[in-house]
Amino acid sequence: MTSSQRDRELEVLRELYSHWARGDFTSWEAFADDYVWKAADGVEAGEYTGKGAITASWRTWLQAWDGFSIEAEEMVAGSRGRYAVLQLFRGKGKASGIESEGRSAVVVTMKNGLITRMEGFWDRDAALRAAGIEHRAAE
């Protein structure tokens, strides 16, 4: 992969996360039609394929929150078109009213400038390893 291709892909990710940081999860321009979302190590582990299935899953998740957002704290290029995004999420539970904040990570796979797969991890070190980034501990 050339550095200019990597730069373009990182720009796509930065643009996506600029929407998510504002709580806007409606933008699909960055995603391939057959995009796959997988929760790799969560309580609700599972895999969803296609924008329709993923939209339904996210809609259910987002309905539980007021002001939910996800910020990219760091983006690290891995191997074979993969990137680890270390992220911070915030929101207030609608039912509980409790403010919540946490850190997680996703491994993003890109092809032809589009996101084809995202895998969510609570364990940031596991995400770095899955992206092909060795010998680097998450902060």
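The values are calculated or read from the model by the stated rules, or taken from the named source; none is laboratory data. These numbers come from a predicted model, not from an experiment. Here the Cβ positions follow ideal geometry from the backbone for every residue, glycine too, while neighbour counts run over all protein chains shown.
Answer yes or no as to whether Trp28 is assigned to a helix (DSSP H, G or I) and either in contact (Cβ under 8 Å) with a residue 40 or more places away in the chain or not hydroxyl-bearing (Ser, Thr, Tyr) (or both). Considered against the rule, which asks whether it is assigned to a helix (DSSP H, G or I) and either in contact (Cβ under 8 Å) with a residue 40 or more places away in the chain or not hydroxyl-bearing (Ser, Thr, Tyr) (or both), Trp28 comes out as no. Any idea which of Glu71, Glu47, Glu15 is surrounded by 12 or more Cβ atoms within 10 Å (Cβ to Cβ), in contact (Cβ under 8 Å) with a residue 24 or more places away in the chain and of a type in the set (D, E, K, R)? When all the criteria are applied, what remains is Glu71. Within the stretch 77-88, if we keep just the residues that are surrounded by 12 or more Cβ atoms within 10 Å (Cβ to Cβ) and either at pLDDT below 95 or touching a Pro at 6+ places or on another chain (Cβ under 8 Å) (or both), the residue that is farthest from Glu29 (Cα to Cα) turns out to be Gly78.
Please find, within the stretch 108-123, the residue that is nearest to Leu62 (Cα to Cα) out of those that are crowded, with 18+ Cβ neighbours inside 10 Å and touching a residue at least 40 places away in the same chain (Cβ under 8 Å). The selected residue is Gly120. Remark: Thr60 falls outside the filter, which requires a residue to be among the polar types (S, T, N, Q) and under 30 Å from Met1 (Cα atoms). Within the stretch 18-31, the set of residues being under 14 Å from Ser69 (Cβ atoms) and surrounded by 13 or more Cβ atoms within 10 Å (Cβ to Cβ) comprises Ser18, His19, Trp20, Ala21, Gly23, Phe25. Within the stretch 31-44, the set of residues being assigned to a strand (DSSP E or B) and either touching a residue at least 40 places away in the same chain (Cβ under 8 Å) or at positive phi (or both) comprises Phe31, Ala32, Asp34, Tyr35, Val36, Trp37, Lys38, Ala39.
The residue that is farthest from Leu114 (Cα to Cα), among those in the stretch 74-99 that are of a type in the set (Gly, Ala, Ser) and in contact (Cβ under 8 Å) with a residue 60 or more places away in the chain, is Ala77.
Scanning the stretch 112-127 for residues that are over 12 Å from the mean Cα position of the chain (by Cα) and modelled with pLDDT of 95 or more gives a single hit, Leu114. Against the list (1) more than 16 Å from Val107 (Cα to Cα); (2) not in a helix (DSSP H, G or I), the condition Glu47 fails is (1). Right, Phe68: under 22 Å from Arg129 (Cα atoms), at pLDDT 90 or above, part of a strand (DSSP E or B) and out of contact with any Pro (no Cβ under 7 Å at 6 or more places or on another chain) or not? When the stated conditions are applied, Phe68 does not pass them.
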